[in-house]
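One structure is given below, encoded as structure tokens.
The values are calculated or read from the model by the stated rules, or taken from the named source; none is laboratory data. Being a predicted model, the structure only gives us computed values, none of them experimental. Here Cβ is always computed from backbone atoms with ideal geometry, including for glycine, and neighbour counts include all displayed protein chains. Keep in mind that these areas ignore ligands, DNA and RNA; they rest on the heavy atoms of the full protein, side chains included. Shrake-Rupley method; radii C 1.70, N 1.55, O 1.52, S 1.80 Å.
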Amino acid sequence: MIVKKYTAATETDAVLKAKEELGSGAVVLNVKTVKQRGLARIFKKDFVEITAALEEKENQSQSLPIENRQPSKDVPDFAAINALTEATIEKKLDTLHNLLADQIKKNEDDKLRAENSALQKKNDEESDELRENSNIKYLRMVYNKLIESEVDERLANVIIEDIDSSLKKEANIDNIILAVYQKIILKLGEPAAIDTENGRTVVFFLGPTGVGKTTTIAKLASEFKINKGLSVAMITADTYRIAAVEQLNTYAGILDVPVSVIFTPEELVEAIKKYSEYDLIFVDTAGRSHRNTEQLGELEEILMTTENAGLDVNIDKFLVLSATTKYRDLLNITDAYKDIKDVRLLFTKLDETNAYGNILNIRAHTGAPLSYVTSGQAVPEDISVVDVQELAKRLLTGEVQDNQD
Ligand SMILES: Nc1nc2c(ncn2[C@@H]2O[C@H](COP(=O)(O)OP(=O)(O)O)[C@@H](O)[C@H]2O)c(=O)[nH]1
Ligand SMILES: [Mg+2]
């Protein structure tokens, strides 16, 4: 793994720098705004410092510019990890560290003390063994945290085994936590939000009934129209229930955006053409039962017809899933949608659960990028792009931590 720091005037510029050097697979581990203090404030502007990482896979390192290639290592670069500890991440992970340390103290107290005193008397070789033993304890602790967050056992095992096999003898709780934290961030990957820079975009919202597709459209429409000043139109293919059309109409009325109701794939293409002046077109679809292959077939037809209509638009597809759905059901749902290519995952109802493991599980299962998360019924505020650093901490602590600047 390559871990490096980049500074620039804005976060976007710093991320660009990182991607230029490390390639598009680079993932941001941490973002920090550095404020100038004292006299420096007069002469220098505040800047943003990001820490970015790249997992060195064979195919990834091939795509790197030659001058930036680094020798691949089997073990994580603990020097880099330690440097991070001293810098920003240590601060961010303080709570996590204390939490785990406390728990270790409470749970393992007696056993550890007994082992400690027995081993203290023995020679160096054996104290190495003690360290290895405590590494295993720390790893088990971290593993338990992941399981508490409902990370799939197999996935938690892979993460822990990876770390275990690359740990040096002198590893301590700090670099174990950091190694797991970084591994999780790399597994979560960079979220893919709606990108309006590349021209007009039609955005489809797919997924089961009741997960929050229509509400999410209203939130995003508001964000793009009111905060970003773009022109937005809506189309609904959800004609199974009158209430569903009315619901979208209500939001469209409040936001003052046009809506079309369509019944066939051809009508959808016509509606997209009709809105050729609009920057963004949100398409609401009926919640298809993943057990009903006929309904899913209709949905695929709608998408195929749109994609093959020669429209000059980008097409984004969000598979909307509720964070409260059971893991096994989520697996069935995502498997039912697996023929639909290039979907991104959008998780709703994060406010209704404490265990976010399914987000990591489904991301790993599908390989599809994450995008937005929603955490409440309020339109427009309860939506944001996934904060992977926050999510990784949450998976390790089970606690919401305050964002700092
Ligand atoms: N708690 C919570 N409820 C949500 C969230 N998003 C949507 N909902 C609610 O879930 C219900 C179904 O939402 P709707 O948008 O109609 O789902 P759709 O059938 O997928 O279009 C509504 O009561 C929404 O207010 C969320 O992030 N958190
Ligand atoms: Mg709906």
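Here are the numbers for this structure:
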quantity: Odd one out for A156, checked against (1) at pLDDT 95 or above; (2) part of a helix (DSSP H, G or I); (3) open to solvent by 10 Å² or more (accessible area, probe 1.4 Å); (4) not basic (K, R); calculated: (3)
quantity: Residue count, segment 311-328 (criterion: over 27 Å from E266 (Cα atoms) and away from ligand 1 (no atom under 15 Å from the Cβ)); calculated: 3
quantity: Among (1) under 30 Å from K145 (Cβ atoms); (2) open to solvent by 10 Å² or more (accessible area, probe 1.4 Å); (3) aliphatic (A, V, I, L, M) - the single one V320 does not satisfy; calculated: (2)
quantity: Selection status of E277, more than 30 Å from the chain's Cα centre (by Cα), of a type outside the set (K, R) and open to solvent by 50 Å² or more (accessible area, probe 1.4 Å); calculated: yes
quantity: Close pairs from segment 337-365: first more than 15 Å from D382 (Cα to Cα), partner of a type in the set (S, T, Y) and open to solvent by less than 20 Å² (accessible area, probe 1.4 Å), Cβ under 8 Å, at least 6 apart; calculated: V343/Y337; R344/S371; L345/S371; A355/S149; Y356/S149; G357/S149; I362/T334; H365/T334
quantity: Those strands (runs of 3 or more DSSP E) lying entirely in segment 168-280 with at least 2 residues within 13 Å of ligand 1 (Cβ to nearest atom); calculated: 201-206, 232-236
quantity: Candidate set from segment 220-240 (those that are in contact (Cβ under 8 Å) with a residue 12 or more places away in the chain and within 12 Å of P380 (Cα to Cα)); member that is most open to solvent (accessible area, probe 1.4 Å); calculated: I226
quantity: Extreme residue, nearest to L395 (Cα to Cα), among residues of segment 314-336 that are of a type in the set (A, V, I, L, M, F, W, C) and more than 20 Å from the chain's Cα centre (by Cα); calculated: A336
quantity: Strands (runs of 3 or more DSSP E) within segment 333-405 that include 3 or more residues away from ligand 1 (no atom under 14 Å from the Cβ) and within 18 Å of F318 (Cβ to Cβ); calculated: 343-348
quantity: Residues of segment 218-247 classified as touching a strand residue (DSSP E or B) at 6+ places or on another chain (Cβ under 6 Å), within 16 Å of ligand 2 (Cβ to nearest atom) and farther than 21 Å from E266 by Cα, total; calculated: 2
quantity: Criterion (surrounded by 21 or more Cβ atoms within 10 Å (Cβ to Cβ) and of a type in the set (A, V, I, L, M, F, W, C)) met by exactly one of A179, A243; calculated: A179
quantity: Close pairs from segment 379-405: first under 24 Å from S222 (Cβ atoms), partner part of a loop (DSSP other than H, G, I, E, B) and at pLDDT below 90, Cβ under 9 Å, at least 6 apart; calculated: D387/N403; E390/V400; E390/Q401; E390/N403
quantity: Filter result for I217 (out of contact with any His (no Cβ under 9 Å at 6 or more places or on another chain), closer than 28 Å to L296 by Cβ and buried (at least 20 other Cβ atoms within 10 Å of the Cβ)); calculated: yes
quantity: Failed item, numbered, when K213 is tested on (1) among the basic types (K, R); (2) assigned by TED's automatic domain parsing to the domain that holds G297; (3) at pLDDT below 95; calculated: (3)
quantity: Residues within segment 356-387 that are touching a Gly at 6+ places or on another chain (Cβ under 8 Å) and open to solvent by less than 10 Å² (accessible area, probe 1.4 Å), tallied; calculated: 2
